[in-house]
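Engineer: Pasting a structure below so you can have a look.
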Amino acid sequence: MATNVTPSKPPSRSLLHGQVGEIRARVRFDDNLATGMPMKNAFPAGAIITRTTVIVSQAFNAGTTNPLVVGSTPGGNDLVSATDSAAQTVGVKRPDTATALAQLPAETVPYVSYVPTGTAPTAGVADIVFEYVAPRG
């Protein structure tokens with residue numbers, strides 16, 4: 001067996017594989033969400049969203065509707081729709097709207113919006129978590 005041959009496998013700390021990341025935000029009924037609040041980070045170009053979780057720990061209680069949405073533009077709902085978030089009900093929701101987008105063509109900032117109707121809300125807290133696979137390279 002030769003002992004002077006360079007190993008053929010990559011080093012153990014190689015970054016030749018994709019990375020899994022997350023973007024999360026906690027929102028409250030009294031945050032300024034009417035025009036769309038950008039989450040603190042963006043998805044990198046080429047990312048694939050693998051899981052979305054909305055954890056409503058305190059129900060949003062506006063009089064008529066409680067449309068908590070997340071979109072790739074302010075006010076958009078292409079990542080989480082109001083039906084998917086069901087912000088008026090406490091619980092863990094796992095919408096699949098964002099996972100249907102496949103690979104994102106460009107860096108994408110998620111915006112959270114909440115524009116209730118009816119009587120003004122007095123409660124509501126939700127955590128929004130996206131898990132994604134970053135592109136290789």
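Engineer: From the residues in the stretch 45-60 that are surrounded by 16 or more Cβ atoms within 10 Å (Cβ to Cβ) and not in a strand (DSSP E or B), which one is nearest to the chain's Cα centre (by Cα)?
Structural biologist: Checking each candidate, the answer is 47.
Engineer: Considering each residue of the stretch 1-36, count those that are surrounded by 12 or more Cβ atoms within 10 Å (Cβ to Cβ), at pLDDT 90 or above, over 13 Å from the mean Cα position of the chain (by Cα) and closer than 29 Å to residue 107 by Cβ, and give that number.
Structural biologist: Here the count works out to 5.
Engineer: Of the residues 97, 53, which single one is at pLDDT 95 or above and within 27 Å of residue 19 (Cα to Cα)?
Structural biologist: Result: 53 is the single residue among 97, 53 that is at pLDDT 95 or above and within 27 Å of residue 19 (Cα to Cα).
Engineer: Still on this structure, I have one more. Filter the stretch 84-137 down to residues that are outside any strand (DSSP E or B) and among the acidic types (Asp, Glu), then give me how many there are.
Structural biologist: Residues that pass the stated criteria total 3.
Engineer: While we're on this one: So which residues in the stretch 61-83 are β-branched (Val, Ile, Thr) and assigned to a loop (DSSP other than H, G, I, E, B)?
Structural biologist: 64, 73 - these are the residues of the stretch 61-83 that are β-branched (Val, Ile, Thr) and assigned to a loop (DSSP other than H, G, I, E, B).
Engineer: Here is a follow-up. List, please: which pairs have Cβ atoms under 6 Å, are six or more places apart or on different chains, and start with a residue in the stretch 117-137 that is over 14 Å from residue 46 (Cα atoms) and end with one that is in a loop (DSSP other than H, G, I, E, B) and among the hydroxyl-bearing types (Ser, Thr, Tyr)?
Structural biologist: These pairs meet every condition: 117/64; 118/64.
For (1) more than 13 Å from the chain's Cα centre (by Cα); (2) touching a residue at least 60 places away in the same chain (Cβ under 8 Å); (3) surrounded by 12 or more Cβ atoms within 10 Å (Cβ to Cβ), each residue gets a yes or a no:
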residue: 75; (1), (2), (3): yes, no, yes
residue: 90; (1), (2), (3): yes, no, yes
residue: 103; (1), (2), (3): yes, no, no
residue: 109; (1), (2), (3): no, yes, yes
residue: 114; (1), (2), (3): yes, yes, yes
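The values are calculated or read from the model by the stated rules, or taken from the named source; none is laboratory data. Bear in mind that the values here come from a model prediction, so they are computed numbers and not experimental data. Virtual Cβ from ideal backbone geometry, glycine too; neighbours counted across all protein chains shown.
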